[in-house]
Amino acid sequence: MAAEVPRFSPPEIPEPTLLENVLRYGLFFGAVFQLVCVLAIILPVSRSPETESVGFEPKTLEAVKKPKAASAAQLSKKAKKESKKKR
């Protein structure tokens, strides 16, 4: 009479564990983060001229040397005071 048609059941796939889920989504977000970083390097960001001039003021050589000399003098004075206190 009629031949029986074999019925196939889908293969049993185990549920992913918590560690597997963390690994999968961690790798996914890591890849997205890398793409964002690469795009930030490739695509230029326009800057307004006001922000560049406000934060940057060129210093002269004298202005750079003066604070160092003052700090050296203060250090020597402190050393002399400490040696006097020890006596």
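The values are calculated or read from the model by the stated rules, or taken from the named source; none is laboratory data. Since the structure is predicted, the reported quantities are computational estimates derived from the model, not experimental observations. Positions of Cβ are backbone-derived with ideal geometry, glycine not excepted, and every protein chain shown enters the neighbour counts.
What the table shows:
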| item | result |
| --- | --- |
| Residue in segment 41-60 that is modelled with pLDDT of 75 or more, assigned to a helix (DSSP H, G or I) and under 33 Å from the mean Cα position of the chain (by Cα) present | yes |
| Subset tally (residues that are of a type in the set (Lys, Arg) and either modelled with pLDDT of 95 or more or surrounded by 10 or more Cβ atoms within 10 Å (Cβ to Cβ) (or both)) for segment 1-40 | 1 |
| Residue within segment 63-86 that is at pLDDT below 90, under 35 Å from the mean Cα position of the chain (by Cα) and of a type in the set (A, V, I, L, M, F, W, C) present | yes |
